[in-house]
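Notes follow once the structure below has been shown.
Only the coordinates and a few stated rules stand behind these numbers; no lab work does. Because the structure is a prediction, the values reported are computed rather than measured. All Cβ positions, glycine included, derive from the backbone under ideal geometry; neighbour counts span all protein chains shown.
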Amino acid sequence: MEVEEHRNIAIRAALKAGEILKEHRGKVKSIGYKDEVNLVTEVDRISEEAILQIIKENFTDHAILTEESEEFIPESKKSKSIYRWVIDPLDGTTNYAHDFPMYCVSIALEKNGEIILGVVYNPNLDELFVAEKGKGAFLSKGSYNTEDKHRISVSQTTELSQSLLATGFPYDIRRSKIDNLDHFANFYKKAQAVRRGGSAALDLCYLAIGRFDGFWELKLSPWDTAAGILIVKEAGGKVTDFSGGPFNIHLREILASNGRIHQQMMEVLKLSL
């Protein structure tokens, strides 16, 4: 019942944030810059405030890590809370600012440092992705309790040459030599095609449902991947670092796939070492 309560609150918060994104779509009034290309809008903050209000009023002793605010540690906790929410109120801000419909809300819950719940909501297609550790990954339209909720799984593709991949580029691409362009070029010559959508959380969900076969990226933050990696794993996929080692949300490189092309993707990533 405890996990069910967490799930229901996370879904409620994601759907509320999604409503805000739909309401403000095409009406962004304020755009700020964290650096040359990393945007933030007033809608990021409005969405975050709505999520935080719902979570804090239901779980007063939980810690919270979110993109637009400092990490919240409840004053009532003399030691670290066993629960921590990891939130991206608008993954794909640049897309949103340009009214390009590739963005989402991402909410994950950790228990003792392990992700046990992942919720990603795509308001443009009204797609709600939900995964609980050990219980599989599911897609529904808007509400998790609707009749069209169904279990999702990764693709069956076994050859990299027949695979559709996804990736992204780091915000410091203008300054850093580690910019993912070398990997991008190598994969484009080996895979069927590569897409760059601009929302890592959605890329991972699309991998989980079989729209993509593989995904890799550099320099992501915890809120970019926390929910998505659980959804991928519960859909039967594999998530590691570039060399096949264990992945956690604080690593700066991620390789995710349907599992069948994972080794082939690792071999391509080695080409730029």
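Out of D179, D88, D148, any idea which swings most in a Gaussian network model of the chain, alpha carbons joined below 10 Å?
Greatest mean-square fluctuation among the candidates belongs to D148.
Rounded to the nearest 0.05, what FRET efficiency do E71 and E159 have when you use their Cβ-Cβ distance and R0 = 45 Å?
Calculated transfer efficiency: 0.60.
Once both labels are modelled 7 Å past Cα along the beta-carbon direction, what's the D99-D172 spacing in nm?
Roughly 3.5 nm, to one decimal.
For region 196-225 and region 242-273, what is the centre-to-centre distance using only Cα atoms, to the nearest Å?
13 Å
For E253, enumerate residues with amide H under 5 Å from its amide H, sequence gap 5+ or separate chain, H modeled in the peptide plane.
For E253, the qualifying residues are K219.
Can you compute 3J(HN,Hα) from phi for each residue in region 257-273, using the Karplus curve 6.51 cos²θ - 1.76 cosθ + 1.60 with θ = phi - 60°, rounded to whole Hz and x for Gly and Pro?
For region 257-273, the Karplus-derived couplings read 7, 6, x, 6, 10, 4, 5, 5, 5, 4, 5, 5, 5, 5, 4, 9, 6 Hz, x marking Gly and Pro.
Under a point spin-label approximation (7 Å from Cα along Cα-to-Cβ), what is the D126-E5 distance to one decimal in nm?
3.1 nm
Stokes-Einstein diffusion coefficient for the chain at 4 °C in a medium of 1.567 mPa s, Rh from the Kirkwood formula over Cα pairs: what value in µm²/s? Kindly include the intermediate steps, with their values, before the conclusion.
Numbers: Rh = 18.7 Å.
For the chosen part, D equals 69 µm²/s.
Using the Cα atoms of region 2-151 to build a convex hull, what is its mean projected area in square nanometres? Each step should come with its number before you reach the end.
Numbers: hull surface 37.5 nm².
Result: a mean projected hull area of 9.4 nm².
Work out the length of the dipole vector of the chain about its Cα centre, built from +1 on the beta-carbon of each Lys and Arg and -1 on the beta-carbon of each Asp and Glu, and round it to the nearest 20 debye.
Dipole size: approximately 560 debye.
What is the spin-label model distance, in nm, from E267 to E42 if the labels are put 7 Å beyond Cα along the C-beta direction?
Placing both labels 7 Å beyond Cα along the Cβ direction yields 5.4 nm.
Where the only charges are on Cβ atoms (+1 Lys, Arg; -1 Asp, Glu), what is the dipole of region 111-161 about its Cα centre, to the nearest 20 debye?
220 debye
Skipping prolines and chain starts, which residues have an amide H placed within reach, meaning under 5 Å, of the one on V86, given they are 5 or more residues away or on another chain?
Amide H neighbours of V86: L65, A108, L109, E110.
So, with +1 on the Cβ of K and R and -1 on the Cβ of D and E, and no other charges, what is the size of the charge dipole of region 160-272 about its Cα centre, to the nearest 20 debye? Before the final figure, lay out the partial values.
On the way: 14 positive and 11 negative charges, 46 e Å.
Result for region 160-272 is approximately 220 debye, rounded to the nearest 20.
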